[in-house]
Amino acid sequence: MASFRNARIVLADRVIEGSLNAEDGLIAAVDDGATSVGEDFEGDYLIAGLVELHTDHLENHYRPRPSVFWDPMAALHAHDVQIAGSGITTVFDAVRIGSDLDVPDMKPHAEKLVQAIRTARDDDRLRIEHFIHLRCELPSHDVLEHFEAFADHPTTRLASVMDHTPGQRQFTSIEAYKLFYKKQMGGTEAEGDAYVADRLAEQARYSTPHRKAIARRAKELGLALASHDDATLAHVEEGVEDGVRIAEFPTTLEAAAAAHDAGLAILMGAPNVVRGKSHSGNISATDLVRAGMMDILSSDYVPFALLQAAFLLPERIEGFGLAKALAMVTGNPARAAGLDDRGEIAVGKRADLVRVRLIGGTPVVRAVWRQGKRVS
Ligand SMILES: [Fe+2]
């Protein structure tokens with residue numbers, strides 16, 4: 001049993017000063033007012049553990065340099081430590097599937113990461129709870145085969161369908177894409193042109209049938225489905241038809257508004273909030289929050305950005321409270337992924353909890369509990 005007192009407790013809709021008790025891994029009581037029982041929080045925040053739906057961070061640990069592939073289990077543990085220390089208690093690790101020029105044989109890599117997560121979960125040796133988010137690159141010739149290999153398992157709960165073909169979505173200009181490609185891969189202009197031509201041909205052949213097949217299987221398997229980088233009304237309509245529930249990183253206001261109107265949960269990158277802009281020149285997440293069109297934040301490529309962005313939003317936007325900001329990193333992502341047992345401080349929910357102190361504007365994570373057990 002864990003007891004905490006003298007805490008600023010952030011509930012789903014307001015902040016109270018008081019105490020909390022956890023029993024058998026669940027929140028058993030939340031009270032406002034003073035008590036003499038339990039660990040003294042000295043006025044620190046007590047918030048629900050963060051829920052992260054899309055982090056590239058495991059893959060970054062597994063492939064720390066373009067030509068270096070690290071031991072997958074060691075990568076997972078290093079990732080687990082940093083994610084837990086960032087106040088995240090449930091994480092969906094992004095695993096890219098579908099071979100491309102960068103990784104021509106993707107399956108063994110995806111296999112190693114998926115297997116590491118499943119083994120470490122079974123052994124109960126991870127600090128926080130890890131699930132798998134399959135990121136499906138639709139124009140890739142072998143994405144369906146990879147999907148079938150990893151989708152039908154309780155650790156896989158979320159799939160997103162992506163199309164990074166030049167001239168599309170994240171890269172509307174082919175010239176901008178060539179520049180990005182050159183920076184990432186090196187190579188001559190002629191090689192860049194040939195690469196773009198290959199990608200366009202693959203897209204024409206595979207994107208639509210793969211999208212339909214993955215959407216159908218996701219529905220059968222009960223996976224939450226997300227679209228990625230929606231740029232137009234047509235992208236959103238296509239997603240709705242496919243049963244998409246989450247719109248990841250819409251790139252234009254038009255697409256975000258359409259997704260919002262269609263009742264999709266809109267997910268944007270926390271680094272975008274922290275930086276005040278998108279790294280690829282797309283819409284600003286903070287502007288979307290102002291327009292009342294954002295539901296979920298994701299740490300994307302910087303784990304600590306999730307908590308930092310949630311504490312920044314109330315400072316940046318007048319009248320936007322901490323409870324609402326934190327809902328974007330706790331209750332909203334939990335619900336979108338079908339996890340109704342967590343993401344909120346309320347009696348009966350999982351005792352996934354974080355102690356936070358704001359020091360010089362930085363939300364410092366002082367302690368983390370998963371199901372009432374201290375893990376960081
Ligand atoms: Fe993207």
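Residues of segment 148-172 that are within 16 Å of the ligand (Cβ to nearest atom), at negative phi and at pLDDT 75 or above: L158, A159, S160, V161, M162, D163, H164, T165, P166, Q168. For segment 173-200, which residues satisfy the criterion of being aromatic (F, W, Y) and either over 29 Å from L225 (Cα atoms) or away from the ligand (no atom under 16 Å from the Cβ) (or both)? Result: Y195, single match. Considering (1) in a loop (DSSP other than H, G, I, E, B); (2) farther than 20 Å from V10 by Cβ, the lone condition that L288 does not fulfil carries the number (1). Every condition in (1) modelled with pLDDT of 95 or more; (2) aliphatic (A, V, I, L, M); (3) not in a helix (DSSP H, G or I) is met by L306 except one, and the failing one is (3). If you go through segment 317-346 and pick out every residue that is assigned to a helix (DSSP H, G or I) and at pLDDT below 95, you end up with 0. In the condition set (1) closer than 24 Å to L313 by Cβ; (2) surrounded by 15 or more Cβ atoms within 10 Å (Cβ to Cβ), G263 is compliant with all but (2).
The values are calculated or read from the model by the stated rules, or taken from the named source; none is laboratory data. What you are looking at is a predicted structure, and each value in this text was computed from that prediction instead of being measured. Positions of Cβ are generated from backbone atoms using ideal geometry, with glycine treated the same way; all protein chains shown enter the neighbour counts.
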